[in-house]
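Working notes, beginning with the structure itself.
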Amino acid sequence: AKAARERGHVAKPVDLGTVDLAAIAAFGHVAVIASTYGEGDPPDGAKAFAAVLEQAEGQPLAGLHFAVLALGDRSYTHFCRFGAQLDARFAALGGSRLADLVEADGDTDGPFAGFRERVLAAIGDAAATPAGAPAAAPATTEDADEDEPWSRDKPFPARLLEATILNGPQSDKETRHVAISLAGSGLAYEPGDALGVVASNDPAQVTALLSATGFAADALVTLGDRVLRLDQALTRHLAIGKLAQATLIKFQKLADSARLAPLLDPDNGAELERYLWGREAIDLIAEFPRVLATPAELVGLLPKLAPRLYSIASSLRAHPDEVHLTVGIVRYTAHGRARGGVASTMFADRVAPGETLPVYLHRNARFRLPEDPDRPVIMVGPGTGIAPFRAFLEERRARGAKGRNWLFFGDRRAAQDFLYRRELESFVADGSLSRLDTAFSRDGDGKVYVQDRMRQQAAELWRWLDEGAHFYVCGDGARMAKDVDACLQEIVAAQGRMSRAEAKLAVEQMAAERRYCRDVY
């Protein structure tokens, strides 16, 4: 949008979930950036739009000029499916392409830059907003990042205040409460936002990788328009951890290995997934030690090291000039080597209180408390998913909000893994938290999860929803969020006396209205 305005156009970012087909057609020229969730599905905010788009008939988008940039991950079977569906349906409903569909796998910088230039070139300098088209659409996504004092490319050097273990001494998990000072940054966040952490790789892992390749640490390599020492590139700029399919494809072009070739056959997806699990770049190089001839070949294999995003676990009104995170430390052993999460182990092992780490804010406009402070709120956040809800509770208490709050929290064992127990009990004691339902899966004879507690309280949960409650979920997207979503639909169907299809539509409508919000990973 900024680039378009610089060329004289009227341009504004719009949340796809806030407009209908008629509004989109009226814009005249549209560039859609479409992320995916799970196996190529639309993100929550666009599910209702996707359903309408699929059912539309005729030519409601006649006269529309469009282009789609699809974001995805090739390790998933249905890579960029939602973006591809948008591209196909927009064309089928009468739209004309400004540019062909562009698919981005993980690293979006290059694909986005090319997409932006092709779209703006296709529109040309003479195009303007059609007569009668809304110059200001009902958007929720503004150019907020344009005014941010710090960004992913220019992070703020924030001071670590603490990284305290929240679990008991007998727990088999390691979860840390991380407090970071924002003093002097000018950064101001809202509950629901995330903190971006520009992590760096463990120097010991970099040294091991250099040893496996035999390349010198001070060898010079080129990254974009920069020339760096190889060890600097591997520490700060390149992902040397989880082995990606794209890396394997590039490596096979050099190796021409009879061992790797079958793995890359499209029909062997399950076998490829098993091979990639737990492997890192060093494992591939150790298995095929004489393939890489130069440092440049190594650099060419590796994707960029992406920043890590953590849901913010604090309210600025409760903790001025601070931001808090709830971080699960990732440690495991695979293929004979100890592994660890890039950023989580940085908090635990490599950055001491008083030292700095680079951070920036990542706005999450789709995960916000209700504008009406009297609205009830239901929160489901097991494990580290508690993070944004600690922020919600602190914020509502600081604002004196009158709306009721209900939290479902779960983990393994109450004695060891009841994160923020004293704080949550204090919220209950002073009335800030109206209800607290817990599920500790390892404490009883049978495993009990948050969705089981939801079912037990189905009638009361439905009453809250019927009274306009907003429903939030944060945590594991692979299993927990899917189970909670299925349980929510089940409760809506049974308590609302709906068919399963009607309940599914009702839940999707809640998401479109921002009464059902998820922050899942």
Exercise for the section: Run the accessible area of region 13-128 with a 1.4 Å probe and give the carbon-and-sulfur part as a rounded percent. Expected result: 52 percent
Exercise for the section: Could you tell me whether region 1-42 comes out rounded, prolate or oblate from its Cα gyration tensor? Rule is a ≥ b ≥ c as square roots of the eigenvalues, rounded for a/c under 1.5, then prolate if a/b exceeds b/c, otherwise oblate. Expected result: oblate
Fill in the blank from the handout: Along region 437-448, Karplus-curve 3J(HN,Hα) (6.51, -1.76, 1.60; θ = phi - 60°) to the nearest Hz, with x for Gly and Pro, reads 10, 10, 9, 10, 5, 9, 8, x, 5, x, 6, 10
Exercise for the section: Count the net charge of all other residues whose Cβ sits under 13 Å from the Cβ of L234, scoring Lys and Arg as +1 and Asp and Glu as -1. Expected result: -1
Practice task
Scan region 218-278 for trypsin sites (Lys or Arg not before Pro) in coil per DSSP, keeping those whose Cβ has at most 14 other Cβ atoms within 10 Å, and list them by number.
Solution key: R259
Problem - Vicinal HN-Hα couplings computed from phi for region 329-334 (Karplus, 6.51 cos²θ - 1.76 cosθ + 1.60; Hz; Gly/Pro x) - result: 7, 9, 9, 6, 10, 8
Practice task
Please give the calculated 222 nm ellipticity per residue for the chain, where each DSSP H segment of at least 4 residues contributes -39500 (n - 2.57) and the sum is spread over every residue; nearest 500 deg cm²/dmol?
Solution key: -9000 deg cm²/dmol
Exercise for the section: State the answer as a single residue: which of P289, A233, L223 lies farthest towards the positive end of the charge dipole of region 215-340, with beta carbon charges of +1 for Lys and Arg and -1 for Asp and Glu, about the Cα centre. Expected result: A233
Problem - Partner lysines for K447 [C-alpha distance under 20 Å; skip if fewer than 8 residues away on the same chain] - result: K173, K482
Problem - 23 Å Cα-Cα reach of K402 towards lysines, excluding residues that sit fewer than 8 places from it in its own chain - result: none
Fill in the blank from the handout: Of H335, H324, ordered by accessible area with the largest first and a 1.4 Å probe, the sequence is H335, H324
Exercise for the section: Provide the net charge surrounding K304, with neighbours chosen by a C-beta distance below 9 Å and charges set as Lys +1, Arg +1, Asp -1, Glu -1. Expected result: -2
Practice task
Using a/c under 1.5 as the rounded threshold, could you call region 416-521 rounded, prolate or oblate? The axes a ≥ b ≥ c are square roots of the C-alpha gyration tensor eigenvalues, and prolate needs a/b larger than b/c, oblate otherwise.
Solution key: prolate
Fill in the blank from the handout: Note to self: with every protein chain in place and a 1.4 Å probe, region 236-379 gives an accessible area per residue in Å² of 49 Å²
Problem - Solvent-accessible surface ranking, highest first, for M480, M379 at 1.4 angstrom - result: M480, M379
Problem - Cα gyration tensor shape for region 459-504, rounded if a/c is under 1.5, else prolate or oblate - result: oblate
Practice task
Would you mind finding the longest exposed-site-free stretch of the chain, with exposed GluC sites (Glu not before Pro) meaning DSSP loop and at most 16 other Cβ atoms within 10 Å?
Solution key: 175-354
Exercise for the section: For the chain, give the share of DSSP beta bridges that are antiparallel, in percent and rounded to the nearest 5; count only bridges with both residues there. Expected result: 55 percent
Handout entry: In sequence order, calculated HN-Hα J values of region 354-365 (Karplus, 6.51, -1.76, 1.60; Hz; x Gly/Pro)
Key = x, 7, 10, 9, x, 9, 7, 8, 10, 5, 10, 5
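The values are calculated or read from the model by the stated rules, or taken from the named source; none is laboratory data. Everything numeric in this text was worked out from a predicted model, so none of it was measured. Because the Cβ atoms are built from the backbone with ideal geometry, glycine has one as well, and the counts that use them run over all protein chains shown. To get the accessible areas, we keep the full protein, side chains included, count just its heavy atoms, and leave off ligands, DNA and RNA. Shrake-Rupley method; radii C 1.70, N 1.55, O 1.52, S 1.80 Å.
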